[in-house]
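Trainee: This structure is in structure tokens; I'll ask about it shortly.
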Amino acid sequence: MTRDELKIGKTGVLMGGLSAEREVSLASGAAVLQALLARGYDAVAIDVDRDLPQVLAREGVEVAFIALHGRYGEDGAVQGTLELMGIPYTGSGVLASALAMNKIFAKQVFAASGLTVTPYRVLRRGEALETGTLGFSYPLVVKPSQEGSSVGVSIVKSADVFPAALETAFRYDREILVERFVKGREIQVGILDDRAMGAIEIVPKNEFYDYEAKYTDGMAEHICPPVLAPELYRRLLAEGEKAHRALGCSGHSRVDFLVTEAGECFLLEVNTLPGMTSLSLLPEIAQKEAGIGFEELVERILLSASLKIGAGD
């Protein structure tokens, strides 16, 4: 639909929030707000806190562009608030957001949909785990079940550092994942309007694509499009769309894979609210693979805003 047909009213750009990714969200939100203002929209920044409903009502917000990252932003909490208030919003709905944010349930959905995920075990706070019972050996990946931007993630190469990795992950969640480490290329598929636009390969200077590599200029090389055999590239795009659909996502997302030398595609996660900063991957994929500039990308995401409950995600 066009901008005139939708009659976009005052738009609140939801940013900041209460998660460990607050600073990144503020950067995403500022970039989105600038793009909307440049396109002539009546838009205002909303720094999300627990008084969000009162602030939205006071500001007269009619549409929400969600530029939040992490807990209380990507996990369905804000989406549920907006549904209750009858305010259309960008991105996926309550259920899809909650599923994507919870890596444990997401892996179960992906596996049930025929997508390949890394072998893993779930560990809950207070439980003991002997690495010899995992069914896979070092190196391991330890991560919280509900954080993004690689917050709390460790690569564990030996038993002596395993307890410290568990302690780090448990700072962020009561349930964590212990996964088999897969050596592969880090490739992300960008989704817009529920279709794959293209993909990008990340070559981090750190051991993996961690928080520093994601948000520090010069800490990762971006290769867009990635150098892959045409058949493998097409398969990645198709599996990216399949993962997006499997969780019931809508609008835009970024789907992260590890691709091995043998051509295996291990699905890591779906990001329902991917970053929109100057170093973010979705805008780069849009520009280089689909010819969509940042302002146009932001506008297209805004024009997809809707209420999801009762209409399907």
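Trainee: Just going by the charge dipole of the stretch 24-179, with Lys and Arg at +1 and Asp and Glu at -1 on Cβ, which of Gly60, Asn102, Val122 is farthest out on the positive end?
Mentor: Val122
Trainee: Sticking with this structure for a sec: Compute the distance in nm between two label points, each set 7 Å from the Cα along the Cα-to-Cβ direction, one at Arg234 and one at Val161.
Mentor: 4.2 nm
Trainee: Return the sequence-ordered ³J(HN,Hα) values of the stretch 191-201 in whole Hz as given by the Karplus equation 6.51 cos²θ - 1.76 cosθ + 1.60 applied to θ = phi - 60°, using x for Gly and Pro.
Mentor: Values, residue by residue: 10, 9, 6, 6, 10, 6, 8, x, 9, 9, 9 Hz.
Trainee: Heavy atoms only, probe 1.4 angstrom, no DNA, RNA or ligands counted: give me Tyr120, Tyr72 ranked by accessible area, highest first.
Mentor: Ranked list, largest accessible area first: Tyr72, Tyr120.
Trainee: Something else: Averaged per residue, what accessible area in Å² does the chain show with a 1.4 Å probe, protein chains only?
Mentor: Per residue, the chain has 43 Å² of solvent-accessible surface.
Trainee: Given q = 0.06, 0.10 Å⁻¹, what are the Debye log10 I(q)/I(0) values for the chain, with equal point scatterers placed on the Cα positions and solvent ignored?
Mentor: For the chain at q = 0.06, 0.10 Å⁻¹, log10 I(q)/I(0) is -0.19, -0.54.
Trainee: What are the ³J(HN,Hα) values, in whole Hz, obtained from phi via the Karplus relation 6.51 cos²θ - 1.76 cosθ + 1.60 with θ = phi - 60°, for each residue of the stretch 136-144 in sequence order, with x given for Gly and Pro?
Mentor: 8, 10, 5, x, 10, 10, 10, 8, x
Trainee: Send over the Kirkwood Rh of the stretch 2-153, from the inverse of the averaged 1/r over different Cα pairs, rounded to one decimal Å. The partial results should precede the final answer.
Mentor: Numbers: mean 1/r = 0.0572 Å⁻¹.
Computed over Cα pairs of the stretch 2-153, the Kirkwood hydrodynamic radius comes out at 17.5 Å.
Trainee: Follow-up question, since we're still on this one. May I ask you to rank Phe105, Phe136, Phe294 by accessible area, largest first, using a 1.4 Å probe over the protein chains only?
Mentor: Phe105, Phe294, Phe136
Trainee: State the percent of C-alpha pairs, over all pairs in the stretch 266-313, separated by a distance greater than 14 angstrom.
Mentor: Numbers: 703 of 1128 pairs.
Everything past 14 Å amounts to 62 percent.
Trainee: Sticking with this one: Using every pair of alpha-carbon atoms in the stretch 96-154, split the distances into 5 Å bins beginning at 0 and state the percent of pairs per bin, rounded to integers.
Mentor: Going from the shortest bin to the longest, the percentages are 4, 15, 23, 26, 22, 9, 2.
Trainee: A follow-up question, please. Quick check: residue separation of Glu23 and Asp42 times 0.36 nm, minus the Cα distance between them. What number comes out in nm?
Mentor: Once the chain is fully extended between Glu23 and Asp42, it gains 4.4 nm.
Trainee: Another question, then. Please compute, for the alpha-carbon atoms of the stretch 220-313, the extent along each of the three principal axes and give them in descending order in Å.
Mentor: Largest first, the stretch 220-313 extends 42, 29, 21 Å along its Cα principal axes.
Trainee: Continuing with this model, one more query. Please find the FRET efficiency linking Arg121 to Ile223, where r is the Cβ-Cβ separation and R0 is fixed at 45 Å, and quote it to the nearest 0.05.
Mentor: Here the calculated transfer efficiency is 0.85.
Trainee: Using alpha-carbon pairs under 8 Å, 6+ residues apart, how would you state the relative contact order of the chain in percent?
Mentor: Once divided by the residue count of the chain, the mean separation gives 21 percent.
Trainee: Given an 8 Å cut-off on Cα distances and at least 6 residues of separation, report the relative contact order of the stretch 31-162 as a percent.
Mentor: About 16 percent, as a whole number.
The values are calculated or read from the model by the stated rules, or taken from the named source; none is laboratory data. Since the structure is predicted, the reported quantities are computational estimates derived from the model, not experimental observations. Note: ideal-geometry Cβ built from the backbone for every residue, glycine included; neighbour counts use all protein chains shown. These accessible areas exclude ligands, DNA and RNA; they are computed on the full protein's heavy atoms, side chains included. Shrake-Rupley method; radii C 1.70, N 1.55, O 1.52, S 1.80 Å.
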